[in-house]
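The values are calculated or read from the model by the stated rules, or taken from the named source; none is laboratory data. Not measured: the values here are computed from a predicted model. As a convention, Cβ positions derive from the backbone with ideal geometry for all residues, glycine included, and neighbour counts pool all protein chains shown. These accessible areas exclude ligands, DNA and RNA; they are computed on the full protein's heavy atoms, side chains included. Shrake-Rupley method; radii C 1.70, N 1.55, O 1.52, S 1.80 Å.
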Amino acid sequence: MPSNSVRAFLILSLLLIGVGSLGLYSTNQSNDGLKTVYEDRTVPAVDLAILGDNWQGIRQNAVVAANFNDVAVSKARWADTVRRDGEIKKIWDAFMLTTLTTEEAAFAEEYIQNEKAFKESRAVTMRAAVNGNFEVARENAANDASKKFDALHKSIFDLINLQARVASEEYAVAQSDCNTLSTVTISIIVLGVM
């Protein structure tokens, strides 16, 4: 029959193992939560900002091509636009591989529609400028492409703002889980002392 001191030592050892295991578990859970916020929210938000910057560059290319009255400049701006289109495709394809919420998927669909509309109008502007028809290019850029760009720009910012909101929600859940695990750990320690 083990003595009382041996029993107390065994109970305290079990409590110590329990507290240590719970601590490791909570650290792992916290790490998983941070990883999710980083991979599914922070990285996509940065990528979407870069995507938006590329669209701004494309818009500027169309405006310069339409207003500079120089076919060589228009061709150079078209080449830059084609390059940026490739960068945008890579960024968008990577974004679509992340875990999308239902709301995010709806915003992504809106972006796709707005992208298509702007690209079609941008093509009218750029084709006219590259062919030296600057009046048609200016008229399309001002009266059609600009409105379609504004819709595209809004859909990008809707996605960026959603990333921030969902990251905040995911952080709140992780914080709540951490607080719960801390309370449980403290309770086990107090029980061990009693």
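Using the alpha-carbon atoms, what tilt in degrees (0 to 90, nearest 10) does helix 102-130 show relative to the longest principal axis of the chain? Relative to the chain, helix 102-130 is tipped by roughly 20 degrees. Is any residue of segment 102-130 close enough, with backbone N under 19 Å, to a label point placed 7 angstrom from the Cα of Asp70 along the Cα-Cβ axis, and if so, which? Within reach of a label on Asp70, which here means backbone N under 19 Å from a point 7 Å along Cα→Cβ, segment 102-130 contributes 126-130.
FRET efficiency for the Asn131 to Trp92 pair, using the beta carbon distance and R₀ = 35 Å, is estimated at 0.75. With protein chains left intact and a 1.4 Å probe, residues in the chain average 59 Å² of accessible area per residue. Exceeding 28 Å between C-alpha atoms, which entries from my cross-link table qualify? They are Lys35/Lys147; Lys90/Lys147; Lys89/Lys154; Lys35/Lys90. Pairs exceeding the cut-off: Lys35/Lys147.
For the chain, the fraction of 1.4 Å probe accessible surface lying on carbon and sulfur atoms is 63 percent.
The slack between Lys154 and Val6, meaning 0.36 nm per residue of separation minus the straight C-alpha distance, is 46.4 nm. Taking a ≥ b ≥ c as the square roots of the eigenvalues of the Cα gyration tensor, segment 27-90 is prolate, since a/c reaches 1.5 or more and a/b is larger than b/c. With contacts taken as Cα pairs under 8 Å at a separation of at least 6 residues, the chain carries a relative contact order of 33 percent. Counting every C-alpha pair in segment 61-131, the share spaced more than 15 angstrom apart comes to 60%. Taking the Cα centroid of segment 58-103 and of segment 1-39, what is the distance between the two, rounded to the nearest whole Å? First find each Cα centre; the distance between them is then 53 Å. Listed by chain and number, the lysines whose C-alpha is less than 16 Å from the C-alpha of Lys75, apart from same-chain residues fewer than 8 away, amount to an empty set.
Using a simple charge model, +1 on the beta-carbon of Lys and Arg, -1 on the beta-carbon of Asp and Glu, nothing else, what dipole does the chain show about its Cα centre, in debye to the nearest 20?
With only Lys, Arg, Asp and Glu charged at Cβ, the dipole is about 340 debye.
Please identify, among Val46, Val184, Val166, the residue showing maximal mean-square fluctuation in a Gaussian network model of the chain using a 10 angstrom Cα cutoff. Among Val46, Val184, Val166, the largest mean-square fluctuation in the Gaussian network model of the chain belongs to Val184.
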